[in-house]
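The values are calculated or read from the model by the stated rules, or taken from the named source; none is laboratory data. On a predicted model such as this, the values are computed, not experimentally measured, just so you know. All Cβ positions, even for glycine, are placed from backbone atoms using ideal geometry, and neighbour counts span all protein chains on display. Heads up: the accessible areas ignore ligands, DNA and RNA and are worked out on the full protein's heavy atoms, side chains in. Shrake-Rupley method; radii C 1.70, N 1.55, O 1.52, S 1.80 Å.
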Amino acid sequence: MFLFLQSKPSLSSSFSTTNTLVLPLKTQVIPSPRSLTKLSFHHNVSLTVSFSIGTPPQAVSMVIDTGSELSWLHCKKTPILKTTFNPLLSSSYSPIPCTSSTCKTQTKDLSIPVSCDSKKLCHAILTYADFSSTEGNLAHETFHIGGSVIPSTVFGCMDQSSTTHSSEEDSITTGLLGMNRGSLSFVSQMGFPKFSYCISDHDSSGVLLLGGDGDSSLSWLKPLSYTPLIQITTPLPYFDRVAYTVQLEQIRVGTKALPLPKSVFVPDHTGAGQTMIDSGTQFTFLLGPVYTALRNEFLEQTKTVLKVLDDSNFVFQQTMDLCYLVPINQVKLPVLPSVSLMFGGAEMSVSGERLLYRVPNEVRAGNSIYCFTFGNSDLLGIEAYVIGHHHQHNMWVEFDLKNSRMGIAPIRCDLASQKLGMGQ
């Protein structure tokens, strides 16, 4: 389950965007029943990457989140927060004053405006969809990633949290690596022309590539199907302008397209209804009418092979109300119809075991409970379609920032890791 940081021998000791940084990803499983919270949403699995920060370097493990901007670390140890970064032990740590241009201008994309604390330092508060929050000061610090040393990276050194996170989760990860399009995200600060990841469903591993523009080491990769990344300049109340937004056009179950007009997938005048690709979210969430149509069609096509859990009070992670009873001694799930998410120019197909998720520690009369891995955004309290990382397993996902597009291609990610020299 645990992969340690490796670096390609060709990397120099100083950072260059012409290099490709290759890092292993790890899927963290948080053992806790039913309602679990993973950063901005309720989940029990996250993607993490390990490297070191500070002088001398301190090892950290950070959640990869394409839905967040500011990278941050827990900087105050508590009985729950056992894995923290200690700025007092680092000679390169430098808090950012609120009079600096970084504090005044680069924080414009944060949802809550920064403030000035009693020490006249730049203070940030981050809130998430599960009503948790974290706050602390912005600072510069040296990041050690692969063979590269990256000085003066802006991050949040958080010393206060109001959270519903499990203690298991907080003891495993040190913080979050913000990867969206905001000016303070790790991707934006580094100036990467693109980045990619591939998540294996075989061994809880994966690979994260930072850079890779024209890199010959990717010549074995099959051609990607691309769809545009959508950006708007007009501020709208429900549209996240720094998210990785694509245009969902249709959903198909098996060979049958849902009888929905394309207009239901288009953001309205308030910005509600955008489709975001979010590695910090485990499952996929659809707005109510689309979710209901998908739920009904999947029910119809699986009624002869799956037994529905008849319990209206059971809603997995408060958003998933289509669950099934599967005998504990059943070795494999029956053949299920695939669910295909159709974009302009690309298609993301979800099939097999990725369609159903076994709920931990739930047994009913000799049956395990499996829930459909698409949830209702309305129950989550968000006005958007969110495509989580569970439905991106065994798929190469590329964010081409230079050309403002997202590319995808099915691939065995454990083999991709070996091709990139990350073999175990």
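Before moving on, here are some points about what is shown:
- Wholly within segment 297-383, strands (runs of 3 or more DSSP E) carrying at least 3 residues that are out of contact with any helix residue (DSSP H, G or I) (no Cβ under 6 Å at 6 or more places or on another chain): 323-327, 339-343, 346-350, 356-364, 367-372
- Qualifying residue in segment 248-266 (condition: within 30 Å of residue 402 (Cβ to Cβ) and assigned to a loop (DSSP other than H, G, I, E, B)): yes
Every residue, every condition in (1) touching a Ser or Thr at 6+ places or on another chain (Cβ under 9 Å); (2) modelled with pLDDT of 95 or more; (3) under 24 Å from residue 263 (Cβ atoms); (4) open to solvent by 20 Å² or more (accessible area, probe 1.4 Å), yes or no:
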residue	(1), (2), (3), (4)
344	yes, no, yes, yes
347	yes, yes, yes, yes
352	yes, no, no, yes
355	yes, yes, no, no
359	yes, no, no, no
364	no, no, no, yes
369	no, yes, no, no
378	yes, no, yes, yes
392	yes, no, no, no
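Each row is one residue, and each column tells you yes or no for (1) open to solvent by 30 Å² or more (accessible area, probe 1.4 Å); (2) on the phi > 0 side of the Ramachandran plot; (3) of a type in the set (Val, Ile, Thr).
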{"residue": "385", "(1), (2), (3)": "no, no, no"}
{"residue": "395", "(1), (2), (3)": "no, no, no"}
{"residue": "399", "(1), (2), (3)": "no, no, no"}
{"residue": "404", "(1), (2), (3)": "yes, yes, no"}
{"residue": "410", "(1), (2), (3)": "yes, no, no"}
{"residue": "413", "(1), (2), (3)": "no, no, no"}
{"residue": "416", "(1), (2), (3)": "no, no, no"}
{"residue": "420", "(1), (2), (3)": "no, no, no"}
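- Once segment 74-93 is narrowed to residues that are open to solvent by less than 60 Å² (accessible area, probe 1.4 Å) and in contact with a helix residue (DSSP H, G or I) (Cβ under 9 Å, 6 or more places away or on another chain), the residue that is modelled with the lowest pLDDT is 81.
- Every residue from segment 159-184 that is at pLDDT 80 or above and not in a strand (DSSP E or B): 174, 179, 180, 181, 182, 183, 184
- Pairing residues of segment 293-311 that are assigned by the TED database to the domain that holds residue 326 and acidic (Asp, Glu) with residues that are surrounded by 13 or more Cβ atoms within 10 Å (Cβ to Cβ) and at pLDDT 95 or above, at Cβ distances under 8 Å and at least 6 apart in sequence or on separate chains, gives 297/253; 297/258; 311/323.
- Within segment 95-136, the set of residues being of a type in the set (Ser, Thr, Tyr) and open to solvent by less than 50 Å² (accessible area, probe 1.4 Å) comprises 100, 102, 107, 128, 132, 133, 134.
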